[in-house]
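Okay, structure first, notes after.
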């Protein structure tokens, strides 16, 4: 049985199906939680109806994509976040992920991060009282996102500190952080107060846990011991098939059953 804590990523699983049929496939597979990327890629009204009909709740959505960069047009960013907050309310979602900028020629990453913090701070009053929290995600430069401005956890925490934990936290993606910095246990112990959401995939390949080098049975135990009780996003693509991936996920859940996974 799939743990109620796991949120399957509808962008990376059942990619042979139409998007809304993936919600139905998730429900048939035993998932009650799911996550999506940038909300504009979806028919939000139909998505809300299908999720309700299938008993699937969304744990997070993307509120700002990579382009246009969130630091380049603050009025547009403010309008975009206001709209994302309305969509999140309609979908019953409490976490909104922001994709930070890629660096342009001549830009210093540290200066870009200051501007990211300023941009997020400019929408703080929109977030206050909305019931939602913004998230920023560290993403690796070496394989998936060359030139990304915030590849390490310390970079995103720097942004969060400038804005405040009541507005923004970290989308803690262990796959990206394994590639960018390693020492997964040490870094998450130091930063657990900033962790808003957890995503997992194995490395290499970004497939389901059990296909690579990360010991998620151990690592999720550490996260649970640190007090994280939120959803665990399966932002991974099945290595062989969804059925085989489900077997591996169920095995992982069985290893951590005593921790509530």
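The values are calculated or read from the model by the stated rules, or taken from the named source; none is laboratory data. Quick caveat: nothing in here was measured; it's all calculated off a predicted structure. Methodologically, a virtual Cβ is constructed for each residue, glycine included, from the backbone with ideal geometry; neighbour enumeration extends over all protein chains shown.
Filtered by the rule that a residue be touching a strand residue (DSSP E or B) at 6+ places or on another chain (Cβ under 8 Å), assigned to a loop (DSSP other than H, G, I, E, B) and surrounded by 22 or more Cβ atoms within 10 Å (Cβ to Cβ), segment 150-167 gives a lone residue, 150. A single entry from 23, 56, 44 fulfils the requirement of being at pLDDT 95 or above, out of contact with any strand residue (DSSP E or B) (no Cβ under 6 Å at 6 or more places or on another chain), buried (at least 19 other Cβ atoms within 10 Å of the Cβ) and closer than 20 Å to residue 95 by Cα: 23.
Residue 91 meets the conditions (1) closer than 30 Å to residue 114 by Cβ; (2) in contact with a helix residue (DSSP H, G or I) (Cβ under 6 Å, 6 or more places away or on another chain) in every case but one. The failed one is (1). Listed conditions (1) in a loop (DSSP other than H, G, I, E, B); (2) over 20 Å from residue 7 (Cβ atoms) are all met by residue 117, apart from (1). For residue 170, the requirement of being in a helix (DSSP H, G or I), within 23 Å of residue 110 (Cβ to Cβ) and within 15 Å of the chain's Cα centre (by Cα) is not met. Restricting the first member to segment 22-34 and to residues that are free of Cβ contacts under 8 Å to residues at least 24 places away in the same chain, and the second to residues that are assigned to a helix (DSSP H, G or I), the beta-carbon pairs closer than 9 Å and six or more apart or on different chains are 28/54.
Inspect all residues belonging to segment 128-136 and state whether any of them is without any contact (Cβ under 8 Å) to a residue 40 or more places away in the chain, closer than 20 Å to residue 199 by Cβ and within 14 Å of the chain's Cα centre (by Cα). Within segment 128-136, one or more residues are without any contact (Cβ under 8 Å) to a residue 40 or more places away in the chain, closer than 20 Å to residue 199 by Cβ and within 14 Å of the chain's Cα centre (by Cα). Every residue in segment 168-186 that is on the phi < 0 side of the Ramachandran plot, without any contact (Cβ under 8 Å) to a residue 40 or more places away in the chain and out of contact with any strand residue (DSSP E or B) (no Cβ under 9 Å at 6 or more places or on another chain), please. Passing the criteria: 177, 178, 179, 181, 184, 185, 186.
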